[in-house]
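Below is one structure, written out as structure tokens, with a few remarks after it.
The values are calculated or read from the model by the stated rules, or taken from the named source; none is laboratory data. This structure is a prediction, so every number in the text was calculated from the model and none was measured. Every residue, glycine as well, gets a Cβ built from its backbone with ideal geometry; the counts of neighbours run over all protein chains shown. Remember, those area values only see protein heavy atoms, side chains included, never the ligands or the DNA or RNA. Shrake-Rupley method; radii C 1.70, N 1.55, O 1.52, S 1.80 Å.
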Amino acid sequence: MIPTNEPLLAGRERQYVLDCIDTGWISSAGSYIERFERDWAAYCGVAHGVAVSNGTTALQVAVDALKLGPGDEVIMPSFTIISCALAVVRAGATPVLVDCDPSTYCMDLNQTAQAVTPRTKAIMPIHMYGHPVDMDVIQDLADKHGLAIIEDAAQAHGCEYHSRRGGNNSWRRCGGLGTISTFSFFANKLVTTGEGGMVLTDDPLLAERSRSLRNLCFQPRRFFHEELGYNFRLTNLQAAIGVAQVERMEDILARKRHMGALYNQGLAGIDGLQLPAQADWARINYWMYAVVLDEKRGMDANAFGQALKKRNVETRPFFLGMHEQPAFHDLGLFQNQKLPVTERIYRQGLYLPSGMAITDEQIGAVVGAVRETLS
């Protein structure tokens, strides 16, 4: 079976982890945490990095750092992982959902503009499957209405966005485009620490607040708390793995883009199979090679995935939209909301094996299985 994802630890990960063990710095303090924060923030062009335990906790810290709460609204796409809406709900604020673009799968920007109300306090753009959101539009909205931008770059390691705002005309890395941004370093990400995440910001006060929130809001007076925080700390062991991968980020990106090119070439011309898009203002990373099957093929994503599984190819489904999640319906949220693009691509989309450890030969086998299934 060709797995959907298998990480590749091909740098100094072992050396750095053994250094943690040999020196005894294995918990939530140590030089690798500081180095990981510094290196990743610098790579993304941001002043401050705050390492946390995973991408979900990064979102929670970002929302809480902005002091969002009851009565506040945060506009976000329905097509995303539940962590995004969960962070807002747990802060007592209200997620306001919009549909997604049928080509990039990122949030529909026209609907985003229409969703702004006097209660809106933030927009959460999410770079989907390694394709950036058109952030100039988001920034214009934020400036017009005085909104914060919570940029979820969990799937966008190394992606770049071409800003055309105000004659700027510059390429900038995702994760450096918001008021505050978040990353995940889960095992299927380009940079992985197994579990792990990070909050990035240029605002020193937001960085200080994020560090406090991840560490139970401790103060100089030990065990004295004026605010409730979390234990969302990353370990030095995990950070050591991350440092080793940031060192070879350019090689990782080159490999992912090579994989994407192989899939693009191998799957080109298949009737009714939508391949990943790339806008001219985006440099994507092919985090996951996502495809959408046209209904005219007579099968949905589940049947497509089962057919590929019989040919020893593992796949994963697209996200079920937040507006269709029973847990949110039980809270009285998103009742009777219809977002047709999100609903369609969930039922017709899946992603193919895309892990760093996949070989060119395995990609060829996946291409053959897809063509055989859809012949």
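Structure data summary
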{"item": "Cβ-based net charge around Gln362, under 14 Å, with every Lys or Arg adding one and every Asp or Glu removing one", "result": "-2"}
{"item": "The stretch 121-207: Rg to Rh, with Rh as the Kirkwood radius over Cα pairs", "result": "0.98"}
{"item": "Free-standing Cys residues across the chain, given no other cysteine C-beta under 4.7 angstrom", "result": "Cys20, Cys44, Cys84, Cys100, Cys106, Cys217"}
{"item": "Magnitude of the charge dipole, the chain, Cβ model with Lys/Arg +1 and Asp/Glu -1, debye to 20", "result": "280"}
{"item": "Those lysines that a straight Cα-Cα span of less than 27 Å connects to Lys256, excepting residues fewer than 8 apart in one chain", "result": "Lys189, Lys309, Lys310"}
{"item": "Gain in span if fully extended, Ala187 to His258, counting 0.36 nm per residue against the direct Cα distance", "result": "23.6 nm"}
{"item": "Helix-only mean residue ellipticity at 222 nm for the chain, each DSSP H run of n ≥ 4 adding -39500 (n - 2.57), per residue, nearest 500", "result": "-11000 deg cm²/dmol"}
{"item": "D (Stokes-Einstein, µm²/s), Kirkwood Cα radius, the chain, 1.002 mPa s at 20 °C", "result": "101"}
{"item": "Burial order of peptide ranges 252-264, 48-60, 278-290 (average beta-carbon count within 10 Å, highest first)", "result": "48-60, 278-290, 252-264"}
{"item": "Mean separation of Cα contacts under 8 Å, 6 or more apart, over the residue count of the stretch 37-177: relative contact order %", "result": "21"}
{"item": "Mean separation of Cα contacts under 8 Å (6+ apart) over length of the chain, as relative contact order %", "result": "24"}
{"item": "R0 of 22 Å, Cβ-Cβ distance Gln265-Met1: FRET efficiency to nearest 0.05", "result": "0.40"}
{"item": "Restricting the stretch 129-178 to trypsin sites (Lys or Arg not before Pro) in coil, as DSSP defines it, with at most 14 other Cβ within 10 Å", "result": "Arg164"}
{"item": "Exposed GluC sites (Glu not before Pro) absent: longest stretch of the chain, with sites in DSSP loops and at most 12 other Cβ within 10 Å deemed exposed", "result": "1-225"}
{"item": "The stretch 159-228-the stretch 317-375 distance, computed between alpha-carbon centres (Å)", "result": "27"}
{"item": "Pairs of Cα atoms farther than 15 Å apart, the stretch 306-375, %", "result": "64"}
{"item": "Label-point separation in nm, Gln114 to His225, each point 7 Å along Cα→Cβ", "result": "4.4"}
{"item": "Accessible-area ranking of Asp294, Asp64, largest first, probe 1.4 Å", "result": "Asp294, Asp64"}
{"item": "Additional length obtainable on full extension of the chain from Glu314 to Glu372, 0.36 nm per residue less Cα span", "result": "19.4 nm"}
{"item": "Isotropically averaged projected area of the stretch 290-345, using the convex hull of Cα atoms (one quarter of hull area), nm²", "result": "4.7"}
{"item": "Stretch gain in nm, segment Asp251-Asn336, where the contour uses 0.36 nm per residue and the Cα spacing is subtracted", "result": "26.0 nm"}
{"item": "Sparse-neighbour loop sites [chymotrypsin sites (Phe, Trp or Tyr not before Pro); the stretch 200-255; at most 10 other C-beta within 10 Å; DSSP]", "result": "Phe223, Phe224"}
